[in-house]
There are 2 protein chains.
Amino acid sequence: MSIEEQILAIGKKARAAAVYMAKANTHAKNAALLETAKLIRANKAALTQANQADMAQAQANGLEAALLDRLALSDKAIETMAEGLEQIAQLPDPIGEMTDFKNRPTGIQVGKMRVPLGVIGIIYESRPNVTVDAAGLCIKSGNATILRGGSEAFRCNQALAAIVAQGLEAAGLPADAVQVIDTTDRAAVGTLITMTEYVDVIVPRGGKGLIERISRDAKVPVIKHLDGICHVFIDESANLSHAANIAENAKTHRYGTCNTMETLLVHAHVAKPALAELAQRYAAKGVELRGCKRTMALLPSVKAATEEDWSTEYLAPILSIKVVDSLDEAIAHINQYGSHHTDCIVTENHSHAMRFIREVDSASVMVNASTRFADGFEYGLGAEIGISTDKIHARGPVGLEGLTSQKYVVFGHGETRN
Amino acid sequence: MSIEEQILAIGKKARAAAVYMAKANTHAKNAALLETAKLIRANKAALTQANQADMAQAQANGLEAALLDRLALSDKAIETMAEGLEQIAQLPDPIGEMTDFKNRPTGIQVGKMRVPLGVIGIIYESRPNVTVDAAGLCIKSGNATILRGGSEAFRCNQALAAIVAQGLEAAGLPADAVQVIDTTDRAAVGTLITMTEYVDVIVPRGGKGLIERISRDAKVPVIKHLDGICHVFIDESANLSHAANIAENAKTHRYGTCNTMETLLVHAHVAKPALAELAQRYAAKGVELRGCKRTMALLPSVKAATEEDWSTEYLAPILSIKVVDSLDEAIAHINQYGSHHTDCIVTENHSHAMRFIREVDSASVMVNASTRFADGFEYGLGAEIGISTDKIHARGPVGLEGLTSQKYVVFGHGETRN
């Protein structure tokens, strides 16, 4: 079989399994999750061995340290995977939920039912924990899934695939509901993202390059998350103590995450005290500052920011700073240079707060809170398969509901249309 | 300017207008709709003249009668356009609506706000009324729109574009919020559906060929409606009087609409009486019947249905009929041959009704009601820009809400993440 035929065969099996998953009851889906969690713990030794073989080969191939770090599967990471499945089992089952029923003048009742999307293709880097997370979310949401992890995690992913299949079967669900592609050939991805007959949506998880490539070539709809160029705007009426805490936390809590602030905007009227305080805090944590001319006038040690800085996701201890003259200027800057991910205003002015949340065109808009809160767990979704910067379908953190759609349900009593 | 440059320029203006439309208040949007309605009535003579010039050229070019019929703009059609805008003005404004706020343990409150998609491209056939309908829905939902109508309606669409622009300006809104592409060059569509920087979603309205072509080539997400192969399944426990009324209405109320039934499935236990009654009704209306072998045994005058019949949208007085042995067989047939549009079960058995609505994978699933009810007005959406057979974003009849998305709103009090 060619790679294409192999992937089409996987797609066909996924489509068939999706029919059973869509009608599976909550008890069976939870049983599969809990059984898989048990099996992960029971197979700790085998998983560790598979991971060690993956790690040895990756080291021999010269994989960089940060990626090796993500590939590694410690005892703690194995336990966390199992606990993650148990948490998903405890979430409410979204499938079959009927809402919004209304009586229509014709006598029919019209409402909606939440149903799975069908088959979800997930493409991700060499992080074995994503295999289990993604499988768990798809099982709970009644979808079938085809997983394609990074090639460095091949052995470990195959071992996890076998465990998940066993968990599904123990619960009377089709093992094909979760399939991990068993080839590292890159051509597999090309088929996966174009076989519209068998795949309903693609969720890529990884760097911007991967996601851009997939979005460009996919024929299947993609729930995508490109970059996170997030802003905090300190308004003239801000509580400056809150502003300093939020701007510090949004930048320094973690540098490599997509909801980390990359550009700080400060209203000219409060720029002097706000930046004086923040410059100290950032200096203490070794954050490099790059600023506009007015920032440089206030903080002489700051380097000049280039035009490119305003649209750069540093993912590093670097921050660009711009002094602005108005709320309008701040909103315009964010909508032009931001990535429509997460942006925050620090203000005590109610009208400014309400204008900011309405006019900033981002997936998450915040008033007086750190951008770091933009996260499925923090929002109460229980789990997260990614953060969408798209406007279509899912926007912001994507939990179980983002893996579903709603159909219309009509209850009649023999009505016909006049 | 090349065609591509022209369309990019239109896109740029639309993107700028979208910023103003997104923050426009309900009063201004309604004023634009009502003013446009007034102007349509006041310009009846000029619109009629433009339409007559379009009609004369289309006749000279040998356009077929059915298409000429859609192109024609009677006095009544002009009044209906104006009334349509007045109805849209009366619908609730979905934009800015905030819902689902929850307190999180960290102290932040997380909820959602409904916002416009941004710029919507609409591609449709030579039907001038669609120009006004689509403009009205996009204005009310706070979007900017780029309209591309069929070339036969060129003069009339340009006249309508000028009127809508006047209506927007009278209400203090940007005239560029509704732009009608002013070239009939086909290359314009190619640019429109690929300029992801300026267009957020494409809604094609027209035949299957048009929609397939657009879906294949588009880089912008498409809300698409392919075909409507709708089914009615008469279950063994059906009220046969309801069944006859529904099956007659679903087929014969209108032949050319997407929610018309194309295949009738009948449980073997009730096939004899159900088909005897329906054969009479269909004969009286001149509907041609094509059936499986068991249907032919019961109704000797019925022609044999071929495999192709089961997946054909006739849009004509033709019906295919299949006798099945079980609910499972009916569901499997619908999911295999249908188009995931609208399907109905006629039954008095509650468990069968609930299994049907859960397991049939269609945008609208109905119990004891005619498939002809699958319609934005009948569902209470107030208006409809199309019916989506996609699962992503909008599914089923798409009203104002389908032209919006939801962003997350976080209200804090200075919270930072631990």
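The values are calculated or read from the model by the stated rules, or taken from the named source; none is laboratory data. Not measured: the values here are computed from a predicted model. FYI the Cβ positions are ideal-geometry reconstructions off the backbone, even for glycines, and counts take in every protein chain you see. Only protein heavy atoms, including side chains, enter the accessible area calculation; ligands, DNA and RNA are left aside. Shrake-Rupley method; radii C 1.70, N 1.55, O 1.52, S 1.80 Å.
In this simple spin-label model, placing a label point 7 Å from the Cα along the Cα-to-Cβ direction at both A:D328 and B:R186 gives a separation of 4.6 nm.
Summing both sides, how much accessible area is buried between A and B? Use a 1.4 Å probe and give Å² to the nearest 100. Show your work: numbers first, answer last.
Values: alone 19190 and 19170 Å², together 32570 Å².
Using a 1.4 Å probe, the pair buries roughly 5800 Å².
The figure for B:V220 is an accessible area of roughly 0 square angstrom, using a 1.4 Å probe on the protein chains alone. In summary, the lysines within cross-link reach of A:K293, defined as a Cα separation below 27 angstrom excluding same-chain residues under 8 places away, comprise A:K251, A:K272, A:K285, A:K303, A:K322.
Between the listed residues A:L400, A:I123, B:C292, the Cα displaced farthest toward the positive end of the dipole of the protein assembly as shown, a dipole computed from Cβ unit charges relative to the Cα centre, is found at A:L400. Using a Förster distance of 35 angstrom, determine the FRET efficiency expected from the C-beta separation of B:R254 and B:N61, and round it to 0.05. Once the sixth-power term is evaluated, E becomes 0.80.
Counting from the shortest, the label point at B:K293, 7 Å from Cα toward Cβ, is 8.8 nm from the same position in each remaining copy. What's log10 of I(q)/I(0) for the range A:230-373 at q = 0.09, 0.11 Å⁻¹, Debye sum over Cα points only, no solvent? Debye intensities relative to I(0), on a log10 scale: -0.21, -0.32. A crude spin-label estimate for the pair B:Q280 and B:A72, with each label 7 Å from Cα along the Cβ direction, gives 3.7 nm. In chain A, the longest principal axis of the Cα atoms and the axis of helix A:44-60 are about 60 degrees apart.
Per-residue mean of other chain beta-carbon atoms within 10 angstrom of the beta-carbon, peptide B:340-348?
Details: counts 1, 0, 3, 0, 2, 0, 2, 0, 0.
Taking the mean over all residues of the peptide, I get 1.
Considering only alpha-carbon pairs that sit under 8 angstrom and 6 or more positions apart, the relative contact order computed for the range B:230-373 is 34 percent.
Need one number: convex hull volume per residue for the range B:299-418, Cα atoms only, in Å³. Walk me through the intermediate numbers first.
Values: hull volume 24.1 nm³, N = 120.
About 201 Å³ per residue, rounded to a whole number.
Counting only DSSP beta bridges whose two residues both lie in chain B, roughly 30 percent are antiparallel.
The C-alpha atoms of chain B define a longest principal axis, and helix B:128-140 lies at about 70 degrees to it.
Could you list the GluC sites (Glu not before Pro) in the range A:56-92 that lie in coil according to DSSP, counting only those with at most 14 other Cβ atoms within 10 Å of their Cβ? Taking the range A:56-92 and a limit of 14 other Cβ atoms within 10 Å, the loop GluC sites (Glu not before Pro) found are A:E64.
Listed highest first by mean packing, meaning other Cβ atoms within 10 Å per residue, what order do B:195-202, B:67-74 come in?
Details: B:195-202: 21.0, B:67-74: 16.0.
Most protected by this proxy first, the peptides run B:195-202, B:67-74.
For chain A, the longest principal axis of the alpha carbon atoms and the long axis of helix A:350-359 meet at an angle near 50°. Averaged over the residues of A:360-366, the number of partner chain Cβ atoms lying within 10 Å of the residue Cβ comes to 5.
Stokes-Einstein diffusion for the range B:330-393, with the hydrodynamic radius set to the Kirkwood value over Cα pairs and evaluated at 10 °C in a medium of 1.306 mPa s, equals 127 µm²/s. Chain A residue nearest the axis that carries A onto B, by Cβ, with distance in whole Å, is A:H393, 2. Ordering B:G414, B:V367, B:M354 by the projection of their Cα atoms onto the charge dipole of the range B:303-418, which places +1 on the Cβ of Lys and Arg and -1 on the Cβ of Asp and Glu, puts B:G414 at the extreme positive end. Convex hull volume per residue, computed on the Cα atoms of the protein assembly as shown, equals 174 Å³. Each other copy places its own label point for A:A46 at 7.8 nm from this one, sorted shortest first, where the point lies 7 Å along the Cα-to-beta carbon line. Pairs of alpha carbons in chain A separated by more than 38 Å make up 32% of all such pairs.
Quick one: length gained pulling A:H413 to A:N335 fully straight, 0.36 nm per residue minus the C-alpha distance? Walk me through the intermediate numbers first.
Details: separation 78, 0.36 × 78 = 28.08 nm, distance 5.08 nm.
So the extension gain works out to 23.0 nm.
Applying a DSSP loop filter and a limit of 15 other Cβ atoms within 10 Å to the trypsin sites (Lys or Arg not before Pro) in the range B:303-387 leaves nothing. Legend: P(r) of the range B:1-120 from all alpha carbon pair distances, 5 Å bins from 0, whole percents, reading 2, 9, 11, 11, 12, 15, 16, 9, 5, 3, 2, 2, 1, 1, 0.
Would you mind giving the mean number of other chain beta-carbons within 10 Å of the Cβ of each residue in A:85-96, as a whole number? Please list the in-between numbers first.
Details: counts 0, 0, 0, 0, 0, 0, 0, 0, 0, 0, 1, 3.
That works out to 0 on average.
With label points set 7 Å from Cα along Cα→Cβ, the inter-copy distances at B:M354 are 4.5 nm, sorted shortest first.
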